[in-house]
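Report on the structure given below.
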Amino acid sequence: MINHISSSIRWIAVVALSMTINFATLDAQASKPNIILIMADDIAYDNIACYGSNYFKTPRLNQLAQTGVKFNHCYSEPVCTPSRVKIMTGRDGIRNYVGFGILDKKETTFGTMMKEAGYATAVAGKWQLYTGRKGSLAPDCGFDTYCLWSYPGTERSRFWNPSLIRDGKKVPVTPNSYGPDICTDFIIDFIKKNKSQPFFAYYPMLLVHSPFVPTPDSKDKNSTNKLENYRDMVSYMDKCIGRIIDTLEETNLRKNTIVLFTTDNGTGRPLTYPYKGEKRVGEKAYPTDGGSHVPLIVNGPGIVSQGLVSDDIVDFSDFLPTLADISGANLPNVTLDGRSFWPQCLGKKGSPREWIFQYYHPKLKNAAKEYGNGKPYIIWAQDQSYKLYSHGKFIETKDRHEKINILPGTGTPEAESARKKLQAAIDSMPKSNANMK
């Protein structure tokens, strides 16, 4: 009898311990917010309504900014691949850039980091990171599932009748299939399938890159007007983002999901668009404000501060450590250049940057010729107000087309102090990229 009672007590203790462990596991999972990182393709900050545009309509992004945090000074690289490598690795291109369309297999990405932290992981949209043996595929980068364009096995079309690969298989499409809808549906399905566990979804969108063609919502399905079509594409980009937010609401995940939105570089060069009474030309691929100044909006109801506008400067290398800060993931054991901006999203001071550093190896020859001072690469450091190239040109960032070079000793005390700070920043980084020799 005594042995029976003793056995029963031990059984109850084991069950209680098991329940405690299970509840602890559930609590740990519940404490990890879901994260969705959205990066649109080829759209500068001044094409987003909440950044001052009266021409482009982005009501869903406006709402995210009004109920979250809007950063006024976020900077990508001036073109696609360098931005994608930098945002995924947390490292500046001078350390790891190996060529256009390539993410070096040796690099550790935020996909792997988040997977190792216990997150389900997915990527959809534009890849363009595999070229030859050095390039990386989605599974190499920690993604459990993917639906991608510009990936081995795909062809040129990304919008109508698109060429997409989903988990190794060609996506069946018709002439009426629209690539951005397929990728958005993929992200939505991923959210629904993983609503009971923490997930990380990376959505490098197909929109709003050229060719500038009508969307499913365009009134004129045969329009060849680039600007009008681009305007419709911006609106459709916003609609796709809204569909994802609506899914979070429908699945009761909205309050436990952090959404980050940015873009990979400036607006395409064929476009001229209105902004605050002036006509601006797209400057994608140039190391100017128009080429690399991008939006950054962070939203998470009940977690992220509401209606906050930050003037702290953010670099694309900052996203990986920020994701680690949000999720509790361990940082990769490599030299990182980024720092987390998550404290600022919570209304705290954090550890804001005093400068950002950029190494850019342009594919566009005119960019290298005009800004590289005879070199095939361009190096600069900047803060919110001033910018210094490694070859000595020093300008105010409000000088949008960089016409006035402030010669040493001719600037204000503030300018000369900034020059010294930015020169020290350049001197603190590697002198060259060994991968590009």
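Tell me the label-point distance for the pair Lys421, Asn54, using the 7 Å Cα-to-Cβ offset, in nm and rounded to one decimal.
That separation, rounded to one decimal, is 3.4 nm.
Taking amide H positions as placed 1.01 Å from N in the peptide plane, with prolines and chain starts having none, which residues 5 or more places from Ile313, or on another chain, fall under 5 Å of its amide H?
Here the answer is Arg353, since their amide H atoms fall under 5 Å of that of Ile313.
Using just the helices of the chain, give the 222 nm mean residue ellipticity in deg cm²/dmol: DSSP H runs with n ≥ 4 each add -39,500 (n - 2.57), and the total is spread over all residues, rounded to 500.
Details: 12 runs with 139 residues, N = 437.
Theoretical 222 nm ellipticity from helices: -10000 deg cm²/dmol.
I'd like the carbon and sulfur percentage of the solvent accessible area for the chain, probe radius 1.4 Å, heavy atoms only, ligands and nucleic acids excluded. Don't skip to the answer; put the middle values down first.
Working: 9820 of 18940 Å².
Answer for the chain is 52 percent, counting heavy atoms of protein chains only.
Which order do peptides 118-127, 211-220 fall in by mean Cβ count within 10 Å, highest first? Walk me through the numbers before you get to the answer.
Working: 118-127: 24.8, 211-220: 15.4.
With the highest mean Cβ count within 10 Å placed first, the list reads 118-127, 211-220.
Any chance you could run the full-extension gain for Lys398 through Asn222? It's 0.36 nm times the residue separation minus the Cα-Cα distance, nm to one decimal.
Extra length from Lys398 to Asn222 when fully extended: 59.5 nm.
Asp246 to Gln306: FRET efficiency via 1/(1 + (r/R0)^6), r the Cβ-Cβ distance, R0 25 Å, to the nearest 0.05? Write out the running numbers ahead of the final one.
On the way: r = 19 Å, r/R0 = 0.78.
About 0.80, to the nearest 0.05.
Could you check which residue among Asp315, Asp189, Asp264 shows the biggest mean-square fluctuation in a GNM of the chain with a 10 Å Cα cutoff?
Among Asp315, Asp189, Asp264, the largest GNM mean-square fluctuation belongs to Asp189.
Using DSSP, restrict attention to beta bridges with both residues in the chain and report what percent are antiparallel, rounded to the nearest 5. Let's see the in-between values first.
Numbers: 29 of 56 bridges.
Bridges in the chain are about 50 percent antiparallel.
For a quick protection proxy, order the peptides 147-155, 224-232 by their average other-Cβ count within 10 Å, most packed first. Walk me through the numbers on the way to the answer.
On the way: 147-155: 19.2, 224-232: 17.4.
Those peptides, ordered most packed to least, come out 147-155, 224-232.
Pairs of alpha-carbon atoms within less than 8 angstrom and 6+ residues apart define the contacts here; what relative contact order does the chain have, in percent?
RCO, the chain: 23 percent.
Provide the FRET efficiency to the nearest 0.05 for the Ala434-Asp185 pair, computing r from the beta carbons and using R0 = 41 Å. If you can, show how the numbers build up before the last one.
Details: r = 42 Å, r/R0 = 1.03.
Using R0 = 41 Å, I get an efficiency of 0.45.
Distance cut-off 21 Å, Cα to Cα: go down the list Lys86/Lys170; Lys70/Lys192; Lys284/Lys403; Lys106/Lys170; Lys106/Lys363; Lys170/Lys239 and report the pairs above it.
Numbers: Lys86/Lys170 28 Å; Lys70/Lys192 28 Å; Lys284/Lys403 18 Å; Lys106/Lys170 27 Å; Lys106/Lys363 23 Å; Lys170/Lys239 26 Å.
Over 21 Å Cα-Cα: Lys86/Lys170; Lys70/Lys192; Lys106/Lys170; Lys106/Lys363; Lys170/Lys239.
Filter the trypsin sites (Lys or Arg not before Pro) in segment 288-366 down to the DSSP loop ones having no more than 10 other Cβ atoms within 10 Å, then list what survives. Spell out each step's value before the answer.
Numbers: sites: Arg339, Lys348, Lys349, Arg353, Lys363, Lys365; in loops: Arg339, Lys348, Lys349, Arg353, Lys363.
Sparse-neighbourhood loop trypsin sites (Lys or Arg not before Pro): Lys348, Lys349.
Per residue, how large is the accessible surface of segment 300-437? Use a 1.4 angstrom probe and give square angstrom.
On the way: 6980 Å² over 138 residues.
So segment 300-437 comes to 51 Å² accessible per residue, rounded to a whole number.
Between Leu164, Leu61, Leu364, find the one with the highest GNM mean-square fluctuation for the chain; connect C-alpha pairs within less than 10 Å.
Highest fluctuation of the listed residues: Leu364.
Gaussian network model of the chain, Cα springs within a sub-10 Å range: biggest mean-square fluctuation belongs to which of Thr397, Thr412, Thr109?
Thr412
Quick one, can you get me the convex hull of the C-alpha atoms of segment 222-365 expressed as volume per residue in Å³? Display every interim value, and only then the final one.
Values: hull volume 25.1 nm³, N = 144.
Cα convex hull per residue, to the nearest whole number: 175 Å³.
Report P(r) for the chain: all Cα-Cα distances, bin width 10 Å, range 0 to the bin holding the largest distance, values in whole percent.
4, 21, 31, 25, 11, 4, 2, 1, 1, 0
The values are calculated or read from the model by the stated rules, or taken from the named source; none is laboratory data. Keep in mind the model is a prediction, meaning the values are calculated, not measured. Cβ sites come from the backbone with ideal geometry, for glycine too, and all protein chains shown count toward neighbours. The accessibility values were calculated without ligands, DNA or RNA, using every heavy atom of the protein model including side chains. Shrake-Rupley method; radii C 1.70, N 1.55, O 1.52, S 1.80 Å.
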